[in-house]
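Structure first, commentary second.
Readers should treat all values here as calculations from the given coordinates under stated rules, not as data from a laboratory. Worth saying up front: this structure is predicted, and the values here are computed from it rather than measured. Neighbour counts are summed over all protein chains in view; Cβ atoms, including those assigned to glycine, are modelled from backbone coordinates with ideal geometry.
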Amino acid sequence: MDSVGVAAAAPDAGPGPAWQSKCPWGAPSTTSISCSLADVMSEQLAKELQLEEENAAFPEVVAAAEGPFITGENIDTSSDLMLAQMLQMEFDREYDAQLRREEKKINGDSKVSISFENYRKVHPYDSDSSEDEVDWQDTRHDPYRADKPTPTPRRGFIGKGKDITTKHDEVVCGRKNTARMENFAPEFQVGDGIGMDLKLSNQVFNALKQHAYSEERRSARLHEKKEHSTAEKAVDPKTRLLLYKMVNSGMLETITGCISTGKESVVFHAYGGKSATEDKVIPPECAIKVFKTTLNEFKNRDKYIKDDYRFKDRFSKLNPRKIIRMWAEKEMHNLTRMQNAGIPCPQVVILKKHVLVMSFIGQDQVPAPKLKDVTLSNEDMKKAYYQILQMMQQLYRECNLVHADLSEYNMLWHDGKVWLIDVSQSVEPTHPHGLEFLFRDCRNVSQFFQKGGVAEALNERELFNAVSGLNITADNEVDFQAEIEALEKVNEDHVQNHGKKLSTFSSDGDPPIYDE
Ligand code: ADP
Ligand code: MN
């Protein structure tokens, strides 16, 4: 048997080999069913999913259902679809694992190995798990690529006299066909046949070529679909399940649609339902912030959380998925602090994993405009400025927080006042870069209001001192920045030497007082 050729050939050829006929879940059981199938499925699945959560490698995206996301009316269909997708995925994973075992068994220690790659359910084209794992690859040299066999010359024959071989020679032709497999799409697995003295008949070659082309088209279709679904603000199946549970429990009435898709989060609007507990009131309209589980976007946020002592011990032990949950957790804690200080901001309703539900700032599904998008009268502009100045001071002094991403993008204008949002990255002032973040916030605010014609607006350095209570006297940006960094360094040294943070920087204009 020409194992290499067969491995790469059409997967639907002939009666299935052993690994295809075997059901990875074993023979169907004949025991009687005591309750409805749907009950068992949803219960078990939900449990299983929760347990498996961390280790299961899920494909990133699954297309979202059309129209209203999840509503009271279409619960059944949406959940069935989702459950079916999950079951299928689970099945495919099992199937692939089985395939790998078979592959290993057949190959053993043999030098010539066959590959079942093209039979895999989680097809190489759909799977992007490799993204995280393969970063060692040196693209200049591919150790798996064999040298090309010597090509036959153009004139169509080699040799002289009776040793002449023409291009129609079966052996030459077979070798040539094998070499031509290299021209198939790079993702197409042709096995290790290229480097071997393998002869493919024209018939086999043509069948292979046909298969390679259709796979290429299939791959293109899949990619198209995937990109499309990303644009449709899809969330992964687990998140969908979480959201579904919130609707199912009655906590949310309807999830109407998406308000915003950012690099790090997707925000949905929902109508609130009834709380399970009496003491808690669900706001009539909610915003659901789903922190994206695509890890790439979060890498550059490390510095916010790594150096935040509140999260320090936990950071090192966590896997990336948990770190993303921590962003959600952080946003929740910070919002709560702000709420307690009376700063206008969304009120936390509930946090479930990487999904944060809060009150909706806006009305009738229309979110309040960002400060950058709203045109305010001079009077309102001035009012907004003084309100922000006060909020920044409260944030710093009462909440012990620096927003760290404060700008006209994260302030909403609603009910005649400014509301602060997006505080997952906020840090305490004694964070190793806390004062730098504060200075950046001050610069954004200053510039926005100075450009907006508020004559009273302090410049960024004055604003920094007004908020922090520090008294940095440098009259230019560079020196000011240097003093900020020096202060941060004093604090860091203190941490190094004494193993703890300073309780706070001075708040009365004197040189910082350190709490020993
Ligand atoms: P990101 O990190 O993606 O910027 P944000 O928290 O800023 O996340 O939310 C993105 C957008 O979603 C905001 O600019 C705002 O328009 C909208 N949004 C977020 N939270 C709320 C809310 N509680 N009420 C109304 N709109 C919100
Ligand atoms: Mn934002």
Inset, instruction - Sort Arg101, Arg325 so that the residue with the fewest other Cβ atoms within 10 Å of its own Cβ comes first and the one with the most comes last. - result: Arg101, Arg325
Legend entry - Residues Lys209 and Val281, FRET efficiency given R0 of 60 Å [Cβ-Cβ distance, rounded to 0.05]: 0.35
Inset, instruction - Just list whichever of Lys274/Lys372; Lys105/Lys238; Lys274/Lys322; Lys245/Lys372; Lys238/Lys370; Lys289/Lys372 have alpha carbons separated by over 25 Å in the model shown. - result: Lys274/Lys372; Lys105/Lys238; Lys274/Lys322; Lys245/Lys372; Lys238/Lys370
Legend entry - Neighbour-count ranking [beta-carbon atoms within 10 angstrom, fewest first] of Arg321, Arg175: Arg321, Arg175
Legend entry - Computed FRET value (nearest 0.05) for Glu170 with Lys263, which takes r as the C-beta separation and R₀ as 51 Å: 0.30
Legend entry - Per-residue ³J(HN,Hα) for the range 382-388, Karplus 6.51 cos²θ - 1.76 cosθ + 1.60, θ = phi - 60°, Hz, x for Gly and Pro: 5, 4, 4, 4, 5, 5, 5
Inset, instruction - Measure off 7 Å from each Cα along the Cα-to-Cβ vector at Lys370 and His498, then give the distance between these two points in nanometres to one decimal. - result: 4.0 nm
Inset, instruction - Based on other C-beta atoms within 10 Å, arrange Asp441, Asp96, Asp109 from fewest to most. - result: Asp109, Asp96, Asp441
Inset, instruction - Can you tell me how much longer the chain between Glu483 and Ala455 gets when fully stretched, taken as 0.36 nm per residue apart minus their C-alpha distance, in nm with one decimal? - result: 7.4 nm
